[in-house]
Amino acid sequence: MSKDSDFTVIDFLEQFAPLDLSESWDNTGLLLGDPAVRPGRVMTCLTLTPDVAAEAIEKQVDLIVTHHPILFRAVQKLTTATAEGEMILDLIRNSVSVYSPHTAFDSAAEGINQQWCQKLQLQNCQPLRPLEENEATPARGAGRWGDLPTPLTLSDLLEQIRRDWNLDYLQFVGNGEQRVSRVGVACGAAAEFMREAATLGCQVLITGEARFHACLEARQRKIGLILVGHFASERFACENLAKIIGKQFPEIECFASEVESDPVSIDLPTA
């Protein structure tokens, strides 16, 4: 990626996760602030909530890169009468810009789903939903699938994910003894990729969350479904993004939010 004196963090983000990879329904790019912003401090997060915004203001952040967009739906009023309105007005008063790569980051060449593939050491990775490409460009598209270096049982794969992502528990659909050699990945709430995963020969699809009827569909299709939680499926890549931005711009202080946490708690039985 090119870098010169006029190359900004926004320019880098648009190269790293090209906005033409965004889903048509999405709201990506610079959502608040000046496109020429030259931040001294950048903070990444999964979701920009009032506590995360307060952290950014306290730490004098100039740019927040949030995976999930603000202003996702049409806004007719921006007032302190709503939590989002109050948060956005606070950010404006403190000159904090907001950028969201969202589904472009999901699908980017080094995006969230590709990072899943790398962490699982999948081979021959390709998009679950490829975009049209010419021979001179690598395959691009949404979701990913690939082959495990060594086939595992579904139970062994669950244990590997629990360990590597430091999770207390996982939800899943399928038989623990089922043999898994090909895996589909679609971060967030993306059980709709199940059909493509099954067609491509995947024995399991890993995603963040799924509706009850999607779980029933997985059982009917005899494809395993692993639900790691929406937060766990994406937050790690937001932390990685802070490191990537920091490496590209060593003169900038870039870090992931420290107050952000999974809103979903679990009640584990005591021994």
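Taking the range 161-184 as the search range and keeping residues that are touching a Leu at 6+ places or on another chain (Cβ under 7 Å) and in a helix (DSSP H, G or I), which one is surrounded by the fewest Cβ atoms within 10 Å (Cβ to Cβ)?
ARG162
Can you tell me which of VAL98, VAL65 is more than 23 Å from ALA142 (Cα to Cα), surrounded by 15 or more Cβ atoms within 10 Å (Cβ to Cβ) and at pLDDT 95 or above?
Exactly one residue qualifies, and that residue is VAL98.
Surrounded by 15 or more Cβ atoms within 10 Å (Cβ to Cβ) and assigned to a loop (DSSP other than H, G, I, E, B), is that true of GLU196?
Judged against the criteria, GLU196 is not a match.
Taking the range 224-243 only, how many residues are buried (at least 23 other Cβ atoms within 10 Å of the Cβ) and assigned to a loop (DSSP other than H, G, I, E, B)?
Of the residues in the range 224-243, 1 are buried (at least 23 other Cβ atoms within 10 Å of the Cβ) and assigned to a loop (DSSP other than H, G, I, E, B).
Kindly check whether there is at least one residue in the range 122-130 that is buried (at least 23 other Cβ atoms within 10 Å of the Cβ), in contact (Cβ under 8 Å) with a residue 40 or more places away in the chain and either under 22 Å from ALA191 (Cβ atoms) or outside the structural domain of GLY143 (by TED's automatic domain parsing) (or both).
yes
Just to check your reading of the model, which residue among ARG73, ARG93, ARG38 is more than 30 Å from PRO130 (Cβ to Cβ), more than 16 Å from the chain's Cα centre (by Cα) and at pLDDT below 95?
ARG38 is the lone residue from the list that is more than 30 Å from PRO130 (Cβ to Cβ), more than 16 Å from the chain's Cα centre (by Cα) and at pLDDT below 95.
The values are calculated or read from the model by the stated rules, or taken from the named source; none is laboratory data. Just so it is clear, the model here is predicted, and its values are computed rather than measured. Positions of Cβ are backbone-derived with ideal geometry, glycine not excepted, and every protein chain shown enters the neighbour counts.
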